[in-house]
Amino acid sequence: KFAQFVLVMVRGNIQSDEVDGRIISSDSLQKDYATLDKKYDDDYNTIPSYEDALRDEFPESKFQERVVGKSSSLFASYNVICTVVGTGLLQLPYGLYESGWIGVFLLLGMCAVATYTATLLIKCMNPPSGRKLYTYSEIGNEAFGIKGAYVVDAMLHATLLGVATIYLILAGENLAQLLNEVPWKSAGADANYVTSLADIKPSWCILIIAILVWGHVWLGTLHEVGFMSAFNVLVAMFLFFVVIVEIFLELYSEKQNLSSGYYDSGSGASVDRGTHTFINFDYYGLSLAGAFVSFAFSYGAHAILPTVYESMKKPQQFNVMIGLTFIAILFFYIPMAVVGYYAFGDETLSPIYDNLCTDGSGSSCTYGEQLGKWLAIFAVTLHVMLSFAIVINPTELALERLVGIKKWENPKRKLIGVSLRTCLVVLTVLIAEVIPDFGDFLNLVSSCTNTATSFVFPCLFHLVLFWPTLKNNYFLIAVNVAIICITSLAGFFGATFAIISILCHVF
């Protein structure tokens, strides 16, 4: 009875009442209850604490506890690495070409900023209101209401659709190259040890890939199983190994040719590695913004960080885990970017393996080098084809929920679900056919969506949710505002540069 009166008092329904013949006011009731907290009544029944009573009555109150996951910090780090280390590797040398050598420092700085915004995002999952938030959209809702949740959801689904389209473009380009440049030892050194099985345009290959991946629309739900994560890491490591080793082999071959007199010094001939600059001011400086969004895509793990945080057995270790994870990722990024740009300069292409074993590379490739390149391209193609369904499935499920379909309970609902998913696949095909360039479209997606979810939103939500405690901390306010302004401007100019590049390639 005592606990019930306390709850009624807290809810403001009464000011006083009678207990065992005594008149007790609401003020004295709360005071008396505090003295009896965790003690016993006359019958030796345990009296629940004041906080326990509130927790039972108000499960969304400030006393709500967070459910702890079962994953170790090491496994959480592994999940982040699986998410970000992949196709983004292919763009890094080209990103360094867009910025010049200063891009190395930009890559390091963005690692620090990405780590900082990741910690802010997780801090926002435990706002001062006491509510425990579990998804990115819930954080947006907490900060700006339902409109904030809608904006976050729109950005996340736009990112997923964009990444699915990037996968289609890359798979189409790769399939055309795999069929047209098959390693063939009998072809001989004059043919660079390759032969053509079929000369199919990338636009037709995109349609072929789309038909192959379309079959997933008949599956109810998809879950990213462990073998896919492991396969992603293996592909990234294999790609890293092939590109680095083959570039060094080409550089060694060129050095041997120079020492043996293959290049006639009297004629002025030499190995052409393109032009290298410290800062690339091409396109009135827009190229620097293009480099920013190229690198931003490589740190775009923030959309899945709330899920990673919830899965951790020791969530208090998240900040250390994410910092060490991004530092470990740099051991992939820095060598790939530096070696690729050093070898090819302003002739660096995206994806980087397009620079390997080409007719104009200055030296012929061995059969083993051609086979390694072909296998790397094949592994990347297989990876993006398998990942397409996983990437686009959350958007498919959201679209089905939007029209009122939560489960395929009967053939009619299944037919509607399959039709909606087919429409999304067709949409990605149409975009891929209109914008067939991998690097330009990756920059466009990164600048429009990834910049917001990885850099702008965490700082903005942190300022809004924690303003009462931040309003006198001018340093943190300045840091957050600076990140918001700089990344927003870089994203805007990066999108402008990407659109200009796309228009130049299309027209």
*Looking at (1) modelled with pLDDT of 95 or more; (2) not in a helix (DSSP H, G or I), which is the only condition Ile477 fails?*
(2)
*What's the number of the condition Val308 fails, among (1) open to solvent by less than 30 Å² (accessible area, probe 1.4 Å); (2) more than 24 Å from Val242 (Cα to Cα); (3) of a type in the set (A, V, I, L, M); (4) more than 17 Å from the chain's Cα centre (by Cα)?*
(4)
*Go through (1) farther than 30 Å from Phe248 by Cβ; (2) assigned to a helix (DSSP H, G or I); (3) touching a residue at least 12 places away in the same chain (Cβ under 8 Å) and name the single condition Trp408 misses.*
(2)
*Collect the residues in segment 110-129 that are open to solvent by 10 Å² or more (accessible area, probe 1.4 Å) and among the small types (Gly, Ala, Ser), keeping them in residue-number order.*
Ala112, Ser129
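Residues are listed down the side, and each one gets a yes or a no for (1) open to solvent by 10 Å² or more (accessible area, probe 1.4 Å); (2) not aromatic (Phe, Trp, Tyr):
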site: Val380; (1), (2): no, yes
site: Leu386; (1), (2): yes, yes
site: Ala389; (1), (2): yes, yes
site: Ile392; (1), (2): no, yes
site: Glu396; (1), (2): no, yes
site: Arg413; (1), (2): yes, yes
site: Val426; (1), (2): yes, yes
site: Phe441; (1), (2): yes, no
site: His462; (1), (2): no, yes
*List, please: which pairs have Cβ atoms under 8 Å, are six or more places apart or on different chains, and start with a residue in segment 152-176 that is open to solvent by less than 30 Å² (accessible area, probe 1.4 Å) and end with one that is of a type in the set (Asp, Glu) and not in a helix (DSSP H, G or I)?*
Ile169/Asp437
*For segment 110-138, what are the residues that are over 15 Å from Phe455 (Cα atoms) and either in a helix (DSSP H, G or I) or at pLDDT 95 or above (or both)?*
Ser137, Glu138
*All but one of (1) free of Cβ contacts under 8 Å to residues at least 60 places away in the same chain; (2) over 22 Å from Ala112 (Cβ atoms) hold for Val434, so report the exception by its number.*
(1)
*Give the number of residues within segment 88-109 that are part of a helix (DSSP H, G or I) and open to solvent by less than 10 Å² (accessible area, probe 1.4 Å).*
12
_The lone exception for Asp437 - which of (1) open to solvent by 10 Å² or more (accessible area, probe 1.4 Å); (2) under 18 Å from Gly215 (Cα atoms); (3) at pLDDT below 90 it fails_ = (2)
_Criterion violated by Val293 - all others in (1) outside any loop (DSSP other than H, G, I, E, B); (2) modelled with pLDDT under 85; (3) in contact with a Gly (Cβ under 7 Å, 6 or more places away or on another chain) satisfied_ = (2)
*Which residue pairs have Cβ atoms under 8 Å apart, sit 6 or more places apart or on different chains, and have a first residue in segment 368-395 that is touching a residue at least 40 places away in the same chain (Cβ under 8 Å) and a second that is acidic (Asp, Glu)?*
Glu369/Glu246; Gln370/Glu181; Gly372/Glu246; Lys373/Glu246; Trp374/Glu181; Ile390/Glu224
_Could you check segment 331-358 and list, in sequence order, the residues that are open to solvent by less than 40 Å² (accessible area, probe 1.4 Å) and part of a helix (DSSP H, G or I)?_
Tyr333, Met336, Ala337, Val339, Gly340, Tyr341, Ala343, Phe344, Gly345, Ile352, Tyr353, Asn355
*How many of the residues in segment 376-410 are modelled with pLDDT of 85 or more and more than 19 Å from Leu161 (Cβ to Cβ)?*
7
*Would you point out the residue of segment 258-276, among those that are under 30 Å from Ala498 (Cα atoms) and exposed (fewer than 15 other Cβ atoms within 10 Å of the Cβ), that is modelled with the highest pLDDT?*
Thr275
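The values are calculated or read from the model by the stated rules, or taken from the named source; none is laboratory data. As the structure is a prediction and not an experimental result, all values here were calculated from the model. Glycine gets a Cβ as well: all are built from the backbone with ideal geometry, and neighbour counts include every protein chain shown. SASA here: full protein model, heavy atoms, side chains in, ligands and nucleic acids out. Shrake-Rupley method; radii C 1.70, N 1.55, O 1.52, S 1.80 Å.
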